[in-house]
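A quick write-up on the structure given underneath.
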Amino acid sequence: MDFVNTLLVTLNPPKGFWQSILNTFKNGMGTYILAVIVIAILVRVVFSLVDIISKKVNMKNSEINAKMKPELDAIKTKYANDPQLMQKKTSDVYKKYQFSMMGSCIPMLVAMALQLTVFLTLWNSLQAVASFNIASQYQEMKNIYANVININTNSTALDVAGFEEGDKLLVELTTDKDGNPVMNLKLGKAAEETYSEIGQVAYDPKLAESNEAVYSLLETYVIKPAPPQEDAEVTENAYAPTKYSAALQTAAEDAVRTYFEASKEGFLWIKNIYKSESPTSPMFSKKEIVAYLSRYYSEEEKTEEEEFKFEEKIFDCVVDGNAQLENIKKQKNGYYILTILAVVICFLSLWLSNKLMQNKNQPAQKQSWAMYVIMPVIYGIFTFTYTSLFAIYLIVGQLVMMALTPLTTLIVRKWISFDEKRKNKKDGGVEVVDYRRKDI
């Protein structure tokens, strides 16, 4: 069924920096899951280099603040009634310890800005990729359904000897010897489990480009008119099924289910990685499909959809009214496990980073509880609401960060120690020269 992966012309793949990287990795590895995991690892390794600089500044500032604190506290006490003199004395202490408030904040602000930019742009890209794949999957399901129903119009293909009510028709999607998409048509007798070959029918990859054309097929061969109400005006209806219509409708539903199961991408317990990992169904909804596809409508199509609701009525047949999809729609896409993992791992990552950054020779500084709440809550909201792909990216990224934190902290401490030794050596040399006895 590889041929059905061809996208219908109305959809354009999302483009951008992250989409290009994602598709490059996906084409090489065969799955978006592996692509996202590799990107999460690479991003965190790169940011670990930025973290080293940020941590060095943070740790150095903590040490300087600890040294300045007794003097600053004394100044606040002594000059409490003279704010101007207090400010001057405070500035003198800052100069004494070569401390710059602006210089200490810039590296951390730059690191935060970079991480926030990557967070938001990658989230947006993964959400766009997920929405596009969901819409593309539905478009193919719609096209498969329409092609099977369209067999009603092929009198040659349906010249089936011995067909009786209750017999089954089976449609298998494949390619012919020239690589063209075709449908194998088979007949199954009501009392038998085996199927006999009937023949092949051409598959039109672009049949579902026109919602009006698809709905016309469904109105003729699938959608039964509602019984007229008393005193209601009788209107002409296009419904005119062939004797094969019921069997072909079942065959269309079965072909759609087969395609969905073969094309959806799951991971571990997650049935569909393009949707959020929640107890909701792995099947997409009418609302999200209509909202996404409406972006691609021409002005004429928008007018038609507003008046006739073709897309919604087609969805009612292909998905909502598809008896073969009932079991899938009853499944759960997950149980918020990714959300819980994202919150817990984010908290542990923050705690570990803060724990390792504390100087053992200085009293532990009291940390604000907000530090351990805000980021985990943000992670929880994004993993709860959006595609599982982004949740996996966040979790893998935090795990990599936790693994690298001891190493980056060690590098920072070694760096600071090296700077202090070099400074002490330089200061020591100056002192020897200044106090050496000079003979004239």
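The values are calculated or read from the model by the stated rules, or taken from the named source; none is laboratory data. Fair warning: this is a prediction, and the values are worked out from it, not measured in the lab. Every residue, glycine as well, gets a Cβ built from its backbone with ideal geometry; the counts of neighbours run over all protein chains shown.
Computed values, structure above
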{"quantity": "Boolean, E219 is modelled with pLDDT under 85, under 25 Å from V319 (Cβ atoms) and under 41 Å from the mean Cα position of the chain (by Cα)", "calculated": "no"}
{"quantity": "P376 assigned to a helix (DSSP H, G or I), loosely packed, with under 13 Cβ neighbours inside 10 Å and free of Cβ contacts under 8 Å to residues at least 60 places away in the same chain", "calculated": "no"}
{"quantity": "Candidate set: segment 42-51, residues that are buried (at least 17 other Cβ atoms within 10 Å of the Cβ) and out of contact with any Gly (no Cβ under 8 Å at 6 or more places or on another chain); chosen: the one modelled with the lowest pLDDT", "calculated": "D51"}
{"quantity": "Test for D176: is it over 30 Å from K309 (Cβ atoms) and touching a residue at least 12 places away in the same chain (Cβ under 8 Å)", "calculated": "yes"}
{"quantity": "Helices (runs of 4 or more DSSP H) wholly inside segment 17-121 containing at least 1 residues that are closer than 22 Å to V400 by Cβ, assigned by TED's automatic domain parsing to the domain that holds A391 and among the charged types (D, E, K, R)", "calculated": "17-29, 32-78"}
{"quantity": "Residue match in segment 184-199 (condition: outside the structural domain of S20 (by TED's automatic domain parsing), part of a helix (DSSP H, G or I) and either surrounded by 16 or more Cβ atoms within 10 Å (Cβ to Cβ) or not hydrophobic (A, V, I, L, M, F, W, C) (or both))", "calculated": "no"}
{"quantity": "Only listed residue being assigned to a helix (DSSP H, G or I) and within 19 Å of the chain's Cα centre (by Cα), chosen from Y292, Y274", "calculated": "Y292"}
